[in-house]
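To keep things clear, I will list the structure first and then write my remarks on it.
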Amino acid sequence: MPFVGSLSGLRSTSATAKSLRVSCAEALTPPYHVNQASVSCQQTVGNPSTAAPGRRLVIVAVKSALTKSTTATATGSGLGRGYHKASRIECSSGGFRRGRQERSRETTTTCCEATKGEGGLEESKGKLLVLGGTGFVGSTICELAVAMGYEVVAVSRRGKPADVQYKVDWRAGDVIQNPELITEILQEGGFVGAVHAIGMLLDNDLNKIASGSGSVPTPGTTYDQVTRETAFSAAAALAEISSPTSPLPLVFVSAAEAGWDPDPPFTPPFLTKYLIAKRAVEAELMDKYQAEGLLRPIILRPSLVWTPERLPSVPAVAAFYLGNLLKIPGIDRPVQVGVLARAALVAIRESDVSGVQNYESMEGLAARA
């Protein structure tokens, strides 16, 4: 049964969960402290008379395989503003009933969805909209965002992938054909930012090979539709819920080659069309939305995005690294997808980050995750 507590004389209890210590205590007064050295959660107990009747709290500590750090979450009723209410905490042993501790010999399992803050439990980071959430870049951002405590809503044509283990609110939809879907989702409330990770390198079936996620474009789809139209729709919808005093961040995954000026001779026609769309979005975000204080645009400009897990990309990655090392004009160092994802989320978190971020800036941001 779940751990629940009342204020009828109970102070605290403990149980073992996945070889980690789980401390459950009543909600009296903050702060809540996480001791990372012993991998446990504790509550700093205050005066019981200050707690509202019927107030309940469960504090759980688990180890995150993705971030390799201790995470913690609180759940209950009447916790007060600013405390994250986890969607699921499951304990098959131990419980509080009528102020009396009950135990069983069953193994305890836990789930948690918030992160440890400096010296206390971190409040919910809010909701994050990821457009293109099943793509190579978008899916990595989704997974890391969940681990960092965001409630992620992801939109893609494919909807929920079959093999995903992390918790995301997956929405199936084509925002090219139905741009109003972005507005409808953002109007649900609670969003603190958005990521545009919709992309198409090739406008034909060969994109399945070029794409990190094996995406095949809808026949007849253009670069302008995939990139410019969807990004413009996202910016306009996010601006509607933004505030001039604290403009919401919009991450746009662009390309290093968008910074070419001029384009090199013999640039392939497909790349020219690709870059025209990317540059149109960059200009709109900077010249309109940032200049007018409507949004805080964050433009990521990676060249080749890669992961060591995909060996076929190694030759191209090596060529880009060599070209950058030799200082060949227009050749940027490749960016690992995990670095890009961490950079995007740190940029969302840090209110002083905006504008174009090249590979060096992304590496610097990722190091602050």
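May I ask for the distance between the Cα centers of segment 341-362 and segment 238-273, given as a whole number of Å? Computed from Cα coordinates, the inter-centre distance equals 14 Å.
Here segment 206-323 is treated with +1 on each Lys and Arg Cβ and -1 on each Asp and Glu Cβ, and its dipole about the Cα centre works out to around 280 debye. Checking every one of the chymotrypsin sites (Phe, Trp or Tyr not before Pro) in segment 216-295 against DSSP loop status and a limit of 11 other Cβ atoms within 10 Å picks out Phe266. Annotation for segment 277-369: GluC sites (Glu not before Pro) lying in DSSP loop with at most 12 further Cβ atoms inside 10 Å of their Cβ are Glu292, Glu309. Site pair Asp224 and Trp260 shows an inter-label distance of 2.1 nm when each label is modelled 7 Å from Cα along Cα→Cβ. From largest to smallest, the equivalent ellipsoid semi-axes obtained for segment 177-305 from the alpha-carbon gyration tensor read 27, 18, 12 Å. Measuring between alpha carbons in the structure, the pairs from Lys167/Lys273; Lys127/Lys160; Lys125/Lys327; Lys160/Lys288; Lys273/Lys327 lying more than 29 angstrom apart are Lys167/Lys273; Lys125/Lys327; Lys160/Lys288. For the listed peptides 145-157, 236-248, a ranking on the average number of other beta carbons within 10 Å per residue, highest first, reads 145-157, 236-248. In this structure Ile299 has an accessible area near 0 Å², from a 1.4 Å probe over the protein heavy atoms.
Using the Kirkwood radius over C-alpha pairs as Rh, can you work out the diffusion coefficient of segment 235-369 via Stokes-Einstein at 4 °C, viscosity 1.567 mPa s, in µm² per second?
82 µm²/s
The values are calculated or read from the model by the stated rules, or taken from the named source; none is laboratory data. Keep in mind that what you see is a predicted model, and the values were worked out from it rather than measured. No Cβ is skipped: glycine too gets one built from the backbone with ideal geometry, and neighbour counts run over all protein chains shown. SASA here: full protein model, heavy atoms, side chains in, ligands and nucleic acids out. Shrake-Rupley method; radii C 1.70, N 1.55, O 1.52, S 1.80 Å.
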